Structures are given as C-alpha cells and as structure tokens.
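Each remark here refers to the structure printed beneath this line.
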C-alpha cells in the first residue's frame, strides 16, 4: 500500500476567495491534487505558482473550473449541461504511490436557487445523468468524484450518486463515531449544510477534514485516500 493520495476540493466563490491566502492554504496542506470550482483568473495564477501540472480554466461567470496537480496526468473533459466536468487520470508511471491508475473527476452541479430558477431542475437532472453514465461505463475503475454538488445527503443528486459511489467523508466519520463536517455557508461562522463531497470507488479513506477558506462562502474539503 502506497502513501495516501491527498485531494483538496474548494469552491472559490467566483474570485471571492483570496488568491494568495488560497495558495498558502494549498502549500500548507500539501495536496497532490487540488480540485476547484468557480475559479477566477487571479486565483488560477496563484494556484499555478504552487502546483505546476493540470488544467485550469478560469472564468468570471461562476463556470471557472480547475484541476491542479503535483505531477503530470492525462487530462480530459466530460460534457455536462451548463458546466463541463474535468477528468484527470493519474498513472502509476508518474505517481509512484499508486499501484494502478486513479481517475479524478471535478464536478460543479448547478445550484437549485440560481437564475433562471425554472431551468435548474432540468440542468441538475441532465448533469447527474451524464455523470452517472460516465461512472457506469467503467464501474470497476478506481476514482474520486469531487466537488461542489449543491446537494446535501437528503437531496436526490446526492442519494443517486451514493448508490454507486462511497461518500468518503461519511465513511471516515462513521468509523470514528462522529458526523461529517459541514461545508457551507462560511459567512455564517457555523456552516449549516454539507454540499461539498468526495465520492470514491476502489479507495480507502484515511482522513477527511474541512478547513477554512478565507474569502469564499465554502470551506475546503481535504481527503486522504489509498487504493483498496
């Protein structure tokens, strides 16, 4: 069993998260992969200075996405309505801690309250269908599906994903007799909802933490996992 793969996921609130503070957080946490949603150009510049590999696609319309990596990976995209998902395949040839390839999927499911509200149920359903189809096409692959799902465990988006994939934060909390930490909203001081998730297949969770993310409305999620 190799050393854990550390994944950090963060919604950067369309430029709200302080770029340099976020870069410092990444350096402090030491992740192998940083998965970001609502990535703005200045945040992308700061992140690229810390982790040299991956694919950063910043924007100022809440659609910016990014995967930043410590080492190279094969990068691609999964077509979803409104926002594409990003894929990174980590190969053992470049990732010595892995004995087989691991796929990381960066996801940002549309929020149900965003304009136009009438379109969101359709968008969310189509996004979920495409994501589930991708997982079902290769169900035995080791993977982490990570990001802002805009869905708590009682919402259909979460429940349908949890039928096919393991909620790593929930598994970690149950093993310790606790509950997973909530991730949103940060501006209240006490987060009320858990809408940022790391779903896994073929992975064993070693640790899971929620960390402060200055300037964002989300807390960041940090997960350590090894291959099963």
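Annotations
- Choice from 82, 197, 218 with maximal GNM fluctuation in the chain (Cα, 10 Å cutoff): 82
- Max mean-square fluctuation residue, GNM over the chain, Cα-Cα springs under 10 Å, options 213, 165, 188: 188
- The separation of region 61-110 from region 113-128, counted between C-alpha centres, amounts to 23 Å.
- Relative exposure of 131, 170, judged by other C-beta atoms within 10 Å (fewest first): 170, 131
- Only helices enter this figure: runs of n ≥ 4 DSSP H residues, each worth -39500 (n - 2.57), summed and divided by the residues of the chain, yield -7500 deg cm²/dmol at 222 nm to the nearest 500.
- Residue with peak Gaussian network fluctuation, the chain [Cα springs, cutoff 10 Å], from 92, 185, 116: 116
- From the coordinates shown, P(r) over Cα pairs in 5 Å bins from 0, in percent corresponds to which of (1) 1, 6, 13, 17, 19, 17, 13, 7, 4, 2, 0, 0; (2) 1, 6, 12, 15, 14, 13, 11, 9, 7, 5, 4, 2, 1, 1, 0, 0, 0; (3) 1, 7, 16, 21, 22, 18, 11, 4, 1, 0: (3)
- Computed lengthening from residue 76 to residue 130, 0.36 nm per intervening residue step minus Cα-Cα distance: 17.9 nm
- Inter-part distance, region 33-48 to region 149-187, computed on C-alpha centroids, equals 24 Å.
Each reported figure results from applying straightforward, stated rules to the coordinates on display, with no laboratory input. Everything numeric here is computed off the predicted structure, so don't read it as measured data. All Cβ positions, even for glycine, are placed from backbone atoms using ideal geometry, and neighbour counts span all protein chains on display.
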